Each structure stands twice: as C-alpha cells, then as structure tokens.
Amino acid sequence: MTDQPLWHGRFDSSPADALLKFTQSLSFDKRLWRDDITGSIAHVRGLAHAEIISVAESEKIILALNTVATEMSSGKFEFVASDEDIHTAIERRVTQLAGDTGAKLHTGRSRNDQVATALRLWCKRELAHVAKLTLDLCDVLSTRATESGWGAAGDYLPGYTHMQRAQPVLLAHHFAAHTWALMRDLDRLTQTIERLDVSPLGAGALAGSSLPLDADFVARELGFSRRFNNSLDAVSDRDFVAEALFDIALIGVHLSRLGEEWVLWTTQEFGFAVLDDAYATGSSMLPQKKNADIAELARGKSGRLIGNLTGLLATLKAMPLAYNRDLQEDKEPLFDSVDQVSLALQALGGMIATAKFNTDAMKSAADAQLLGATDLAEWLVAKGMPFRQAHARVGALVSKSIRDSVSLAKLVEADDELGKSAAELLQPGVGVSRRTTQGGSGPVPAVAQSAELGAALTVLRTRIAALINSR
Ligand code: ARG
C-alpha cells in the first residue's frame, strides 16, 4: 500500500490529487530529514528503554533509520507520490526496510510531537549558524573600526541627525554603533535558542500516551535541556518560530540601516566609500555604473523578513489548541528568513571588509565650520553663560554667516564673548576631539569603548561557540 497515505485505514477511497497537492509539505520540509531521523532514533531508544519494544527491535529500526540517512545524504532516497511530508516518507521507507518491526517506529508518537521535535532541533542548529554569521559581521565592523583608529588620530566623519550634518564623530565610533546593535541581536538569538531548547517528544497527538513512555529520557537523548510541561502546549506552541523570525527580522532591519548608509556613502554626492569590484554590480545599459546592489538588497530584503514574521503571527492568531494543519505554514517563512539573512550577512560582511574609504572626503565634510556650533555654545557655557543664551548667541552668528557668506570662524573671532580662542574650536580636527562623555565619540571615551566592545564580543563568541558545539 505504498501508494496510500499512512493514515489510509479508515478511508474507503484514495485522496484526491488536489488534496495531495494542497496539503503536502514534502517540497519544503525535506530539509528537516536529518532532524526527523535524530528524533526518531531517540524515540526508538525511548521505546526500548520503556520496554515497549525489545532492544533487538530497536536496533533493527535504528539500522533502517541510518540506512535512510545514508540514502538522504547521497540523494538516493526515492520519494513516492503518497509521501505527504518528510516524516511520513521516512516512516514509509523504514517500514519497507524493517518490515513489521519498522511498523513499530510510530508507537506512542504523533506527527504533531514529531514535527515539533524536528523543527526545534533544526532551529537549535540553524539559529546558532545565523548567530555565527552575525558575529562574523560584528568582527568585520569592529576590525574596520580598529583600522580607522579609536584614538586622537582616528578617522572621522560627520555624524548626522535628521540626515543633516550635526557633529563630527570618529569613524570607529560609527562602526561600533552598528556593532552594538548587532550584538544585541546576537544576545537575543542566543536567548531564543536557550528558550526553545525544550523537547516536545512524548506529547503525542495532544495528550501524551497510555504507553509507559519516558519523556525525560528522550529529551536527554536528544540533548534538549528539558522536556515539555504540558502536552497541549508542546504540540501547538510555535512561539519559538515567531521569536526566531522576530530576531531575524530585527537583524534584517539593522542590516537595512547599514545598507542604506552604504548606498549613500558610495554615491558621488557623498563619496565616502568605494566598493571593491567583487562586491559591486554594473548596469546592463549604462557603461559607467558601479552599483551597491548588496547594500540595496540588504535594505530591500528586510521587508520580506518582516513579512515572514507578520505572516506567521497572523497564522497563529486565534488558532485553537492544539495542533492544527495551519501550523504547517510555520516552515516556509522560517526557512526563507534563515536563508535570506544568512546570505545578506555574508554579502554585506564581504562588501564592508573589502571597501576603501575616502577619509579625506569624510574629514572635509566633518570639518565644515557649522559642525562646531555646539562646541562654541558649550565653550560659552564653560565661561558661565546659561546654555539657552549661548545657543541663541551662536545661532545668531550661524545665521549671519549663512546670510552674508562670511566664515563662522571670522564672526566668532570678532565676537566679544567668544573671540580668538573660541574660533580655534572650528579648526579642522578639533571638534572631533572635544567630546569626553563616557560612551561619547571623543578619542578618550572611544578608547574605553573599544575595550568594552572587545570584551562584549568575546563573551558572545564564547556563548556562540558553546551553542555550536552543543549540537
Ligand atoms: N506536515 C505536517 C506539518 O508540518 C506534519 C504534521 C501533520 N499532522 C497531522 N496530524 N496531520 O505540520
């Protein structure tokens, strides 16, 4: 009966083609095969441990499961039309290989706890990989920060608010800002992995089993740190997928902000960065073009990553307990988000690692005198003037400078409250060195920050290495 679904028992006729086509998930859940086999081996060991099947029987089924694993990894596994999903395909083949003994594989188990188990195993491994790729990008950014210099001699560029030049900042400080954001993403991913590290195996279809299964035993076998507390929750919970999709969507949003910045930096108008040819694209029509398509796609793909999250949340909304077939819709967005963010992290990392900076263009933009206006106001404050008055006084000079096309420094020099030594603040390279607040962009706090950043990265590196080694 290999042309019939595994559940054909109570049915008089074969399933309609349209049903098979619409309900199948094999086309996308194939990639869970490794995790399904891992889950099945633990389940079989659990059945033997509980003396529901004999040890000899368990060995025979495990042998068949290992044969399936070999067939899968060599691409020799033959699927048949009635294989609805990877789970039924594997069970069908095991039964083919191990006969009546193989038919004991699904004892005390439902696809509902089986699929949740496989998906959690998949997430543990693949999210750790996403974390590693995110860490790699953090390393690229922090390396570029260090190359550009954390101290007084460091490169600097204009910092912007409202996309208007505001104050000069160290380039290292700027790179580090993106790095801190990605490190929060990493922290979040590791917490998601820890939270999803729960075995649902033993929950059965929804209520557990009357057989003497040992859910703690199989949880340990699978390397999960704990088992489910409630079988209804175990089979209907997809919080972990939603969380993973959120974590990835937020990484995507952070990458989109980086991407947007690089789109701007590589314009002729900004001219702050030049991409390596290997990480830029040309135009099919305009021979002169060198485009930052990686940066644009990093920006563009974030929409899709957000869509995957909101799509799943909409699927989960108002879904009654416990398992419903709707839940099959969890996999495609998850796989897509993991795939897309992995590609984006690597492409963006390569692009940033290999780009050249036009630090003269950055500096000359940052040395524009207007960016020293706040330093002038703070200089007056240090002399005892209330800030609001200082702000107004400097503001009036700025206005006059723009209106009359006179350099701000000249006006400052002539001002009886400010004068020559205040005008020194507007000299190239002075402004960037002025900020002293902890965590600020001046060279002294920036050097301290570089140590904090390095220490935080080391902690994350250790956590991620432990997650990768634990699987
Ligand atoms: N392919 C299904 C999924 O991914 C497996 C579970 C089906 N369970 C069921 N009772 N029909 O969710």
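Per-residue SASA remark: GLU413, around 90 Å² accessible (1.4 Å probe; ligands, DNA and RNA not included). Distance between the C-alpha centres of region 430-471 and region 104-179: 14 Å, rounded to the whole angstrom. Normalised by 2.2 N^0.38 Å, where N is the number of residues, the alpha-carbon radius of gyration of region 370-448 equals 1.12.
Computed from the alpha carbon atoms alone, the convex hull of region 331-471 holds 199 Å³ per residue. Just so you know, the Cα atoms of region 288-359 work out to an Rg and Dmax of 17.6, 59 Å. Within a straight-line Cα-Cα reach of under 24 Å, LYS383 can be paired with the following lysines, leaving aside sequence neighbours fewer than 8 residues apart in one chain: LYS400, LYS410, LYS420. LEU19: net charge of surrounding residues, Cβ under 12 Å, Lys/Arg +1, Asp/Glu -1, itself excluded? Residues close to LEU19 contribute a combined charge of 0. Binning the C-alpha pair distances of region 119-177 at 5 Å intervals from 0 yields a P(r) profile of 5, 18, 17, 15, 12, 11, 8, 7, 5, 3, 0 %, listed from the shortest bin outward.
Scaling against 2.2 N^0.38 Å puts the C-alpha radius of gyration of the chain at 1.32.
Within the full protein context, the accessible area of TYR279 is estimated at about 70 Å² for a probe radius of 1.4 Å. In a reduced charge model with +1 at each Lys and Arg Cβ and -1 at each Asp and Glu Cβ, the chain shows a dipole moment near 700 debye about its Cα centre.
If you take all other residues with their beta carbon under 12 Å from the beta carbon of GLU147, and give Lys and Arg +1 and Asp and Glu -1, the sum is +1. Quick note on region 88-156: its Rg to Rh ratio, both from C-alpha atoms and Rh being the Kirkwood radius, is 1.49. Once the 1.4 Å probe is applied to the protein heavy atoms, region 64-145 comes out at 32 Å² accessible per residue. Of the residues GLN328, ALA390, VAL44, the one whose Cα sits farthest toward the positive end of the charge dipole of the chain, with +1 on the Cβ of Lys and Arg and -1 on the Cβ of Asp and Glu, is ALA390. In plain terms, the chain from GLN4 to THR310 could stretch by 106.6 nm, reckoned as 0.36 nm per residue minus the Cα-Cα distance.
Going 7 Å from the Cα of VAL447 along its beta-carbon direction, which residues of region 133-166 have the amide nitrogen within less than 11 Å of the resulting point? Only 150-153 fall inside the zone, counting backbone N under 11 Å.
Note on region 176-219: Rg/Rh from C-alpha atoms, Kirkwood Rh, equals 1.35.
Considering region 332-392 at the alpha-carbon level, its Rg and Dmax are found to be 22.5, 63 Å. Computed in the context of the full set of protein chains, the accessible area of region 374-442 at 1.4 Å probe radius has 52% of its extent on carbon or sulfur.
Can you work out the base-10 log of I(q)/I(0) for region 431-471 at q = 0.20, 0.26, 0.33 1/Å, using the Debye formula on its C-alpha atoms alone? Computed log10 I(q)/I(0) values: -0.61, -0.78, -0.96. Using the Cα coordinates of region 36-101, the gyration tensor eigenvalues translate into equivalent-ellipsoid semi-axes of 21, 11, 11 Å, sorted from longest to shortest.
The eigenvalues of the Cα gyration tensor, multiplied by 5 and square-rooted, give region 173-283 an equivalent ellipsoid with semi-axes of 47, 13, 12 Å from largest to smallest. Ligands, DNA and RNA excluded, the heavy atoms of SER13 present near 90 Å² of accessible surface to a 1.4 Å solvent probe. Shown for region 280-414 is the translational diffusion coefficient from the Stokes-Einstein equation, using the Kirkwood radius over Cα pairs, a temperature of 20 °C and a viscosity of 1.002 mPa s: 103 µm²/s.
The values are calculated or read from the model by the stated rules, or taken from the named source; none is laboratory data. In this text, all values refer to a predicted model and were calculated from it rather than measured experimentally. Reconstructed Cβ throughout: ideal geometry from the backbone, glycine too, with neighbour counts over all protein chains shown. The area values use the complete protein model at the heavy-atom level, side chains included, leaving out ligands, DNA and RNA. Shrake-Rupley method; radii C 1.70, N 1.55, O 1.52, S 1.80 Å.
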